[in-house]
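First up is the structure itself, then whatever we jot down about it.
Bear in mind that the values in this text are calculations on the coordinates, not laboratory data. All values reported here derive from a predicted model rather than from experimental measurement. Cβ sites come from the backbone with ideal geometry, for glycine too, and all protein chains shown count toward neighbours.
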Amino acid sequence: MSARISFHDACRSERVADGVYERILDESYWGHEAQFGGFAHALVVAAMKSEIADPQYAPVSMSMHFIRPFLTGLFRCEVAVVRRGRNMANLRADVYSSGKLAGEAIATFGRRREVGSFLAAEPPPELVSLVGVDEAPHDPGMGIPTHRHFDFWPRVGSSIEHRADGNRVGGWVRMRDEPVLDELTLVMINDLWVPAAYHLWQVGHVAVSADITTQFRGALPAAVAPGEPVFVQLRTAASAGGFVDEDTEVWTAAGELLCQGRQMRFVHA
């Protein structure tokens, strides 16, 4: 995989048999000594979209559990459409890294319908603090290769100063040189921001995804201008027993909720 290919091309696997998708991975979207969790999530979403092969069915919710790290080399995703109804479909996948089972995923796909719609959640108040014309992006300072594909503008909390707004952190983010904001981009952004726990721990720890659930709420691809950032808001309730939780929301500047996320992270000593 060349570092110069687009993100969406990097997520595209070859269909080598019925329901089976493969590609070779390098370290272009690397995290903590493994593929970035959001990238592995995006690879599976892309394979599921290819398998259902119907643009009227879009991802609604996907949960992925990580069994072992995704490494460089052969990625293999075995997708099954468990059921396809008139308005909803259910899929599952077994996901392999270098021949070993590394993850399991289940997903709901559906046709978007305008039935009983409302928005009860309040957008983050920091949406009014837009990115300035001359405002330079912030370096998260984590040394994670995946971060070099994105620009960050913090608005809530500081991981460098170990500071959060209560249990909340976040800010504006955009993927460089990627004009389309769709399900693949969102699962990356949903897992991208420096975890809320990193802003609260006074002693350094590394926390990696044990599971990730993403629920897609807005119509996608999102109706945002190319290069326009979105706002990511993260909350954590507790770090206990060697695991820490995280809830995520991704909003447009216009106040549209694009997705919600939930994950549990394994905390390394």
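Annotations for the structure displayed:
- Cα-only radius of gyration and Dmax that characterise the chain, units Å: 17.9, 52
- For the chain, the Cβ-based charge dipole about the Cα centre amounts to some 720 debye (Lys, Arg positive; Asp, Glu negative; other atoms uncharged).
- Nearest-20 debye value, region 121-269 charge dipole, Cβ charges on Lys, Arg, Asp, Glu: 340 debye
- Which of Val230, Ala164, Ser98, positive extreme of dipole for the chain (C-beta unit charges): Ser98
- Dipole of the chain, positive direction: furthest Cα of Val173, Val79, Gln215, with charges on the beta-carbon: Val79
- Database remark: amide H of Met264 closer than 5 angstrom to the amide H of Ala210, Asp211 (H placed geometrically; neighbours at sequence offset of 5 or more, or on other chains; Pro and chain starts carry no H).
- Applying 0.36 nm per residue to the separation of Ser98 and Ala121 and subtracting their alpha-carbon distance, the gain on full extension is 4.1 nm.
- Projected label distance in nm at Val128 and Ala17, using a 7 Å step from Cα toward the beta-carbon: 5.9 nm
- Scanning residues 5 or more positions from Phe243 or on other chains, those with amide H under 5 Å from its amide H are Val267, with H placed 1.01 Å from N in the peptide plane.
- All other residues whose Cβ lies under 12 angstrom from that of His147 are scored, Lys and Arg at +1 and Asp and Glu at -1, for a net of -1.
- Built amide H within the under 5 Å cut-off of Val206, gap 5+: His268
- Mean sequence separation of contacting Cα pairs (under 8 Å, at least six apart), scaled by the length of the chain, corresponds to a relative contact order of 17 percent.
- Two-site label geometry, Met88 and Asp139: point separation in nm, points 7 Å out along Cα→Cβ: 4.8 nm
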